[in-house]
1. Does region 93-134 come out rounded, prolate or oblate by the C-alpha gyration tensor, with a ≥ b ≥ c the root eigenvalues, rounded set by a/c under 1.5 and, if not, prolate when a/b is larger than b/c and oblate if not?
2. Under a point spin-label approximation (7 Å from Cα along Cα-to-Cβ), what is the K105-K121 distance to one decimal in nm?
3. What is the order of V6, V95, fewest Cβ neighbours within 10 Å to most?
4. Please sort by residue number the chymotrypsin sites (Phe, Trp or Tyr not before Pro) in region 36-68 whose DSSP state is loop and whose Cβ has at most 15 other Cβ atoms within 10 Å.
5. So, R0 is 25 Å and r is the distance between the beta-carbons of D52 and K72; what FRET efficiency does that work out to, to 0.05?
6. Give me H134, H58 sorted ascending by neighbouring Cβ count inside 10 Å, so fewest comes first.
7. Order these by the 10 Å Cβ neighbour count, fewest first: Y117, Y150.
8. Would you mind checking the pairs K12/K66; K18/K105; K72/K113 and listing those with alpha carbons more than 29 angstrom apart?
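Any read-out appearing in this document is the output of simple, stated calculations on the displayed coordinates, not a laboratory observation. Computed from a predicted model, the values in this text were never measured in an experiment. FYI the Cβ positions are ideal-geometry reconstructions off the backbone, even for glycines, and counts take in every protein chain you see.
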Amino acid sequence: MSNDDVLAAQIKSSIITKIKTQEYLPGELLPSERDFATMYSVSRYLIHDIFDELISQHYLIRVQGKGTFVRKPEQNRVALGVLNESKNASFTSLVRNFGIEISNKCLGTGIIKNKKYFADKLGLSEEDEIYGIHRIRLGNKEPLAIEFTYVPIHFFCIKCIFNNKNRFHKILVVNNYFFK
């Protein structure tokens, strides 16, 4: 192993350690290759090769014209390993398989304002109304998760009802399913 190989392994290990200890946070822009080369007194080409390795190992991501960033975790991958009767994995079906009774506590609902971020994520225009639901998912009456749901408002209507204690409730109706 050459001196460059040993040095590259040390630098690579240092960067990985900083990512794992969150000295470098997900989404953070790293110093430039030139700055790293100066910092470690090595060639920019060696740093470029190290970055290439870290990109292939999913630690970093390079954005043309912007720089190299710490890769954010893949949040779209959920490995629940449980399918319900309609072949969909869900929080409820997963937890119920462990004999836990599920309930919810609504933290808030309403039409989202300043919705550019949500419109972009949902593939909508900024003019489309988006309804937000924030709730705590409880298992055996203990908090298990906080859930944030954002739905284009044209998918449902809101009906107002009174329950048996004359308390006013808004109910979402989506394809004939009711949500409190």
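1. prolate
2. Result for the modelled spin labels: 2.3 nm.
3. Values: V6 10, V95 20.
Ascending Cβ contact count within 10 Å gives the list V6, V95.
4. Numbers: sites: F36, Y40, Y45, F51, Y59; in loops: Y59.
Within region 36-68, no chymotrypsin sites (Phe, Trp or Tyr not before Pro) qualify (loop, at most 15 other Cβ atoms within 10 Å).
5. On the way: r = 19 Å, r/R0 = 0.76.
After rounding to 0.05, the efficiency reads 0.85.
6. Values: H134 14, H58 10.
Lowest count first: H58, H134.
7. Values: Y117 10, Y150 17.
The most exposed by this proxy come first: Y117, Y150.
8. Working: K12/K66 21 Å; K18/K105 38 Å; K72/K113 26 Å.
Over 29 Å Cα-Cα: K18/K105.
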